[in-house]
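This report concerns only the one structure given below.
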Amino acid sequence: TQLISAKITVNRTTDRSNSSDEAIELRSSGLFELLGAGAFAILMAMKHLYLMLAPLYLFYLLRHHCFVARRREDYFNYSFSFGRFIVLGIVTLICLLGAFVPFIMQNQPRVHMEQILARLFPFGRGLVHDYWAANVWALYLFTSRAASFL
């Protein structure tokens, strides 16, 4: 895998009159971002209300995992790594689909999956039923009411 490198200068002083600068190189292989993406996918499978945070986390992962920093003379040049993007997508899909494997292995997987999706996203009962995605739907209701006055 490609590594992101950054140099940091640290002052280490044993004596106040004698200081030496040494460069420490930090590397990140993106393993923590991949583990975080898998954990977030599992979290979304357990509690679908976290779906609202998915776009924010997607942009975070794109910036910190898919864009690779290359050191130039006095600046960093960022380039998109399509390979890292594919690996990130595979890890996320495996973790997200892993929660649905028991339902897919049943006799009628399509019926089970339709039932799960109907319960997760109850569009048939209306968008503001119960407490489903309360923050988004509160904004939806406010916008709807404000538009009715115009």
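What's the total number of residues in segment 81-94 that are touching a Cys at 6+ places or on another chain (Cβ under 6 Å) and without any contact (Cβ under 8 Å) to a residue 40 or more places away in the chain?
Residues flagged as touching a Cys at 6+ places or on another chain (Cβ under 6 Å) and without any contact (Cβ under 8 Å) to a residue 40 or more places away in the chain within segment 81-94 amount to 1.
Would you check if there is a residue in segment 116-124 being of a type in the set (Val, Ile, Thr) and closer than 27 Å to residue 139 by Cα? Explain how you work it out, then say what you get.
Step one: of segment 116-124, the residues of a type in the set (Val, Ile, Thr) are 116.
If we keep only those that are closer than 27 Å to residue 139 by Cα too, we end up with 116.
Yes, segment 116-124 has at least one match.
Could you check, for segment 60-81, whether at least one of its residues is of a type in the set (Gly, Ala, Ser) and at pLDDT 85 or above?
For segment 60-81, residues of a type in the set (Gly, Ala, Ser) and at pLDDT 85 or above: present.
The values are calculated or read from the model by the stated rules, or taken from the named source; none is laboratory data. Computed from a prediction, not measured in an experiment: that's the story for all the values here. Quick reminder, even Gly has a Cβ in these numbers, built from the backbone with ideal geometry, and neighbours come from all protein chains shown.
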